Structure formats: C-alpha cells, structure tokens
Amino acid sequence: MKRKLLCAILSVTMAASLLAGCGSDNTTEQTTDAGNDVTPGTEEGTEAAAGNAEGETISVAAIETAYGSEMWQEVAAAFTEQTGINVELTTDKNLEDVIGPSMQGGEYPDVIHLATGREAALTEQFIKGNMIADITDVLSMTVPGEDVTVSEKLAGGFTETSLTNPYGDGKTYLAPMFYSPCGLFYNAGLFEEKGWTVPTTWDEMWELGDKAKAEGISLFTYPTTGYFDAFFYALMYSVGGPEFFNKATNYEEGIWETPEAQQCFDIVAKLATYTDPITPAQANDQDFTQNQQLVLDNKALFMPNGTWIVGEMAEAPRADGFKWGMTALPAVEEGGDAYSYTWFEQAWIPAGAEHQDAAKQFIAFLYSDTACEIFAKAGAIQPVLNIADKLEGDNVMFYSIYDNGAKAAMGNFAPFEAIPGVEVRSVFFDPVNSLVSGDMTEEEWIEGVIAGSDQMRANLK
Amino acid sequence: MKSARGRNRFLVACIAPAVILFFIFMILPTLNVFRMSLFEKGAYSPNETFVGLKNFKMLVSDTNFIRSMQNTILLIVVVTIVTFAFALIFAGILSREKIKGQNFFRIVFYIPNILSIVVISGIFSAIYKPENGMLNSIIGLFHKMEEPILWKGESLVMVSIIIAMVWQAIGYYMVMYMASMASVPESLYESASLDGAGRLTQFFQITIPLIWTNIRTTLTFFIISTINMAFLFVKAMTSGGPNGASEVALSYMYGQKDAGLYGYSMAIGVVIFLFSFALSAIVNKVTDREPLEF
C-alpha cells in the first residue's frame, strides 16, 4: 500500500512537472513580452497613449543593425504621441528567429522592417509567397503630423525598383528605408601617403594593383561573397547601362553570352587574381570582419562595402593616419560612367497582419521629419528629399558620391519561385571564393551562371 | 481480481502522461516530417501543394545536396575512426597503466565535452587564423612559409572541421570506455600475464572483447552525434563556405528551408533520418558478437 502511494505521488509529480514544462512556454512568452516592453523602451509611449481614444496597438518588428535599436524606440514613441496608436516593438539582431516561429503559427507583426539579402531570406520568402500587403496607397497618404504626402517626400526612383515593386505590376509592396551608397572603401590616408590617385577606370585599377603588389599590398578584398551583389549590380550598370542591367536581372535568354556580360565576368575574374589570397578563408559570417581588417591594416587597398562599415569597425585597431575613403566603381573605359549601387532596406506589412490601416500610418510616419531626424542621429538615412542637411561626419562625404559624378544604380535580380539548390548568391557570387583560391575557372563560373539563370528564368514570378 | 484490474488501471494512469507527451512531441513531429516531404510549401506560407515524390527526385539531381551528403559521410567515417582509436588508446592507458597525474589527464580530456560547440568553434577559428593564428605560427617556427596555410580555405576546410570534431569528442568516448574497462576483473589480466601475454595482447584479447557491448553502443552514438555536431560546427565555424565546400547534410537542409523550400528541406530530413537509421542498423548487425561473460 505504501509503495502504491509512493508510486502515485511520483507519477503525479512527473505529470505535474511535464505540465509545468508546457506551462513554462507561457511564462517565457510573458517575460519576453515584458522584455520587449522594457528593452525597446516603449513602455512610456504605451502608457502615455493608453489614455488616448485610439488605443489600438500595432506590433512592429525591426531588425537591429549597426544603427542600433534605440532609434526605433524613439520613433515608436514619437508615433504614439502623434497618432495615439500604441506600438509594441520587437527589435533583435536575429529578428527572423524571434518572429519566425509565431509567423509560422499564423501570427504576424503589423509592420516588419527587414531587408532582403539576409541569410535567412525571410523577406524574400514573403515576396515569393505573395504574402506582402500592397502599400501603393501609402504613397498618396499624408504623413502623420505633416501636410505633405509620402510620395512628395520620397527621393526620386526609390519606389520604382524591383525591390519595392517586386512583381513589376506598378504596385508598391515594400517601403524603401535607410539607403546607403555602396562602393569601394579604402584608406584615404594611405593614398595620400603613397601619392597614389584613386583609379577612375579599371585599367588604372590594374596599374595600381601592380604598384601596390610591389609594396606587398593586395589590391582587393571582400568581407563575404554576399557583398558582391551591390558590386556586381554597379558593374553591370557601368558596363552595359540600365538596359543591360534590366535584361540581366530578368535572366533574359542568352544575356550571359553577350560581350557586356563577358566583360563583367572578365573584370571580376581578373579582380580575383588581385584579391588578397587569405580572403576566401575568412569570407564567412563569423570571420568577415578580419577581411575588413585587412583594409584597416593597409594589407589590402579596396573592399566593396556600405556606409555602415564606419560604425561596424569603429572599435577596430587601424594603421596610423587611417582615414575612410569611398569611391564609386571605376568606369570600364575613359570617360565612361561610374556607378555606385544604392543599397536600401525595406519595411513592409505582411498580408496576414491584423491592423493594416494603422500599420500603413506607421510606415507613412517613418518618412516624417521627426522620424528622419531620429534615424539620422543614429546614422540611418531615410530616402527623402533634402536629407543632405541632416548628415554628419563621414556620411557627408559618403552621401555626396552622387553629387561628384557617380550615377546611382538601383534594382536587383527579379524574384523567382524557389528552386532547390539554386539561389542568386550561390549561383552568381559564392563562386568568387573559388575563383580567388583557384579551385574554379572563369569558364566554369560562367557555365554555372548560365545554367542557374536558365532555371531562374523558367521560374520567374 | 478486483485488485488486479485496479492495478492495471493504475499502471495505465502512470504511463499515460509520458506516452501521450512522447506521442505529441516525438512521434507526431517525426511523422509530420515524412508527410511534409511530399509537399511543396514555403516556411511561412500557409498554402501547401501535394507533389508526391518530386522533392526526392530533385534531390538526386541536386549536386549541392550530393556534395553535402558526401561531406557528412566523410565526417562520419573519419571522425568515428580517429576518435574511436584515440579514445580507446587513451582509455586503455589511463585505466591499465600507472602514470602520474591520471586524474589530471582524465579531466583535461573531458573538458572539451563540457564546452559549448560555439566556444570550441571560436577557439578553433582563432587557431586556424591565416595570419598570426596559433597553428600557422607554430608551423612557421619550423618551416618558412611563403603564403599562409588557409585552414578554412576550400581545400582544407573539411580537415579543419574533422580536427575540431575529434578534439571535442575524444573525452566523452574515453570516459565511456574507461567506465566499462573498470569493470573487467583484474584476475583476468593477472592470469593472462602469468601465461606470458604482453600488454598489447591483453588489450586486444581481454579488454576489447570484454567491452565489446559498450563499443557497439558507442558506434551508434558516433553516427548520430557526428551528424548533429557537424551541423553545429559548420554553422559556427564556416557557414558552409567557402563556396559550399564545407556544407553538410543538416546545414544544407537548414539553408533550403531559408530559401523557401520547406517541403524540400523536409525531404532532406527524411533522407538523413533513413540514412542514419540504416547505417546504425548495419553497424549493429556487422558488429554483432556472442556477448562474453566474466
């Protein structure tokens, strides 16, 4: 009898502990919620607005990047103050892991700020799955607290790219956010010291490469192959102009066998021979800063990057007299166009979001003067007109690149239905690692691009 | 009679919670993996379309998948053999020989097992650093290098992962072997040495046959843990690069999920599941011996 009792107690304990296991899920959720309120610091905004008539609450999920997450808290608070709509903010460096699981369960944030081109490719999946709400009407909405519409504030061209209008039907699905000119970053101090000039054509580039090699400096390095997208887009523009770019990014048949494409491949393949040989071994998500360090240490001259690099490497040691410099991609011939790719992030509303109207207001508010100023303080530059006045420090030089003759390149590879084993990065850019290490020839790379591109064309959205 | 029925009811009540939870959280998801492998679905999209065996057909022609599978098999074979050999030798030495600081070595060998894989990956990333990394610096002392050796470069990256994985696993298996070696009666060794058997003969004729059941168990562990650990190491050390050279089956499966191919990645999961099951079964069958009693 005693034994039975003991068994009973034990089994009850076990069952209870198992249930406790289930229950702990809720607790975590609660603590996360609480955590969200505390960390992003919206609690003031939320409380302040609680008394307001609107009282609606939207959930906003934003990726935390080099710009930090404080600006989002401030913007959310300002939005609540302006409209009375509460904001429940989630920010995280690995946003996909935080919001992914609940979205798989059908619970979507109302606004997501998450750019394409990330490894988890969450935004791309939503584009491919037609799961993003049409926000074309936001463009004609009045910015909350101001009397101008969103489209009047936006700088030209930003809502005409395949990044914002992924289906090419003239409708806007993703709102352009924080733009950054991409180009080749270098140590301006080293160039002064050596008396070198920044090359304006690729021929000058190779000449400089030979000169640098004599001094034991490599011409080129890259953080990871992911950085080649902006590089390659600008290269395609400078070789063949917008027409070639559009054909190529829509995978037109035979486009990769044209002389223009060949020129692009040749330049990258030649650049691979000038690349610091240790680059591929560090070109992964864990070690990429060591490749960036090569430029800071004067071991490599140029790397493709964006303006966030300054903040990212702020704490890193550097050579004496180091000074950031940035140039557009050299022109292919004397007097040709130099291009700098305009990289920008995207904010969007999942089609399954509950509070679509409030979410649209929030997106409109992101272009208000208040929000732009908050963002600019953190170094994030919104693509609105007259933003130049708000720039500080290195950014003044970086963002003036288009005023100094470089043309802006925008757009990206057209989205296609997911194909097993075929992704833009793995087909086009990852092989650069093998080009540098000599494990692959240019011909093999081109063959892979043609084969991959054929499949992408067949699966175009 | 009544008490027997009551007893049965009581037993059912005791087992039920565990069985139900096991079913919901283990069996059901596993079955779901098999089901999803027949569908096409994005990770976040609510729509799924039945495509039959299409995912599996595509797997056969996906060269990236084949390469990742090759890498997995390479890891299973090499890591198992090397770790097995080292763990067995160390265990033999530490449990049979009288050496100074036995406990010290026991602890030192076991420490890697306590560290998290991310930490180990960090340590090895620092060791493998091309410039002023530990390994290249040591080699540089004896041999003048023109170009640094790229341990995480395309040609050596798998070797580097193997080294890290072996280093991590030795301690665990060593302790397992030592535990079963400790239960081998001393008298057997005594009589063997009276018969003139040397230490090596004792090791192969007495120790190994008597811990054979344990060795068989660990071989299954090797297969399962290598498949799992490889994912962690790859994720934390190389993210599958350069150019996919260090991609293993699980990391490829994970990447395909991110590419929006949920069904396809589940098909990879099914292949890995069947593969590890089959391999374990084969290994178990091949190593089947009449258990020895002492």
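The numbered conditions (1) crowded, with 20+ Cβ neighbours inside 10 Å; (2) in contact with a Phe, Trp or Tyr (Cβ under 7 Å, 6 or more places away or on another chain) are all true for A:Ile446 except (1).
Number of residues in segment A:142-173 that are assigned to a helix (DSSP H, G or I), within 21 Å of A:Asp229 (Cβ to Cβ) and either modelled with pLDDT of 90 or more or touching a Lys or Arg at 6+ places or on another chain (Cβ under 9 Å) (or both): the value is 0.
Selection of segment A:109-141 for residues being of a type in the set (Ser, Thr, Tyr), more than 30 Å from A:Phe231 (Cβ to Cβ) and touching a helix residue (DSSP H, G or I) at 6+ places or on another chain (Cβ under 8 Å) yields only A:Ser140. Scanning segment B:190-201 for residues that are free of Cβ contacts under 8 Å to residues at least 24 places away in the same chain and in a helix (DSSP H, G or I) returns B:Glu190, B:Ser191, B:Ala192, B:Ser193, B:Leu194, B:Leu200, B:Thr201.
Scan segment A:404-423 and tell me whether some residue there is outside the structural domain of A:Lys323 (by TED's automatic domain parsing), crowded, with 21+ Cβ neighbours inside 10 Å, under 22 Å from the mean Cα position of the chain (by Cα) and part of a helix (DSSP H, G or I). Taking every residue of segment A:404-423 in turn, none turns out to be outside the structural domain of A:Lys323 (by TED's automatic domain parsing), crowded, with 21+ Cβ neighbours inside 10 Å, under 22 Å from the mean Cα position of the chain (by Cα) and part of a helix (DSSP H, G or I). Of all the criteria given as (1) within 14 Å of chain B (Cβ to nearest Cβ); (2) charged (D, E, K, R); (3) without any contact (Cβ under 8 Å) to a residue 24 or more places away in the chain, the one not satisfied by A:Arg425 is (3).
Scanning segment B:1-46 for residues that are facing another protein chain (nearest Cβ under 10 Å) and in a loop (DSSP other than H, G, I, E, B) returns B:Lys41, B:Gly42, B:Ala43, B:Tyr44, B:Ser45, B:Pro46.
Taken as a whole, the condition of being within 19 Å of B:Ile73 (Cβ to Cβ) and at the interface with chain A (Cβ under 10 Å from one of its Cβ atoms) does not apply to B:Ser276.
Counting residues in segment A:217-240 that are out of contact with any helix residue (DSSP H, G or I) (no Cβ under 8 Å at 6 or more places or on another chain), farther than 17 Å from A:Thr327 by Cβ and either modelled with pLDDT under 95 or within 14 Å of chain B (Cβ to nearest Cβ) (or both) gives zero. Residues in segment B:156-189 that are within 14 Å of chain A (Cβ to nearest Cβ) and in contact (Cβ under 8 Å) with a residue 24 or more places away in the chain: B:Val157, B:Met158, B:Ser160, B:Ile161, B:Ala164.
For segment A:90-106, check the following and say yes or no: at least one residue is within 12 Å of chain B (Cβ to nearest Cβ) and outside any helix (DSSP H, G or I). The answer is yes, given that some residue of segment A:90-106 is within 12 Å of chain B (Cβ to nearest Cβ) and outside any helix (DSSP H, G or I). Taken over segment B:111-124, the criterion of being surrounded by 15 or more Cβ atoms within 10 Å (Cβ to Cβ) and either part of a loop (DSSP other than H, G, I, E, B) or touching a helix residue (DSSP H, G or I) at 6+ places or on another chain (Cβ under 6 Å) (or both) is satisfied by B:Pro112, B:Asn113, B:Ile117, B:Ile120, B:Ser121, B:Phe124.
Of all residue pairs spaced 6 or more apart or on separate chains, those with beta-carbon atoms under 9 Å, a first member in segment B:126-137 that is away from chain A (no Cβ under 12 Å) and a second member that is surrounded by fewer than 14 Cβ atoms within 10 Å (Cβ to Cβ) are B:Ile127/B:Met134; B:Met134/B:Ala126. Has segment A:377-400 got any residue that is surrounded by 21 or more Cβ atoms within 10 Å (Cβ to Cβ), under 21 Å from the mean Cα position of the chain (by Cα), part of a helix (DSSP H, G or I) and away from chain B (no Cβ under 11 Å)? Yes. Against the test of being more than 9 Å from every other protein chain (Cβ to nearest Cβ), closer than 17 Å to B:Ser160 by Cα and buried (at least 22 other Cβ atoms within 10 Å of the Cβ), the options B:Thr226, B:Thr238 yield a single qualifying residue, B:Thr226. Those helices (runs of 4 or more DSSP H) of segment A:275-372 in which at least 1 residues are basic (Lys, Arg), considering only elements entirely within it, cover A:356-365.
Name the residues in segment B:113-133 that are farther than 24 Å from A:Asn284 by Cα and either of a type outside the set (A, V, I, L, M, F, W, C) or touching a Cys at 6+ places or on another chain (Cβ under 8 Å) (or both), would you? Residue satisfying the conditions is B:Asn113 alone.
The values are calculated or read from the model by the stated rules, or taken from the named source; none is laboratory data. Since we're looking at a predicted model, the values are computed, not measured. Cβ coordinates were reconstructed from backbone atoms using ideal geometry, including for glycine residues, and neighbour counts include every protein chain displayed.
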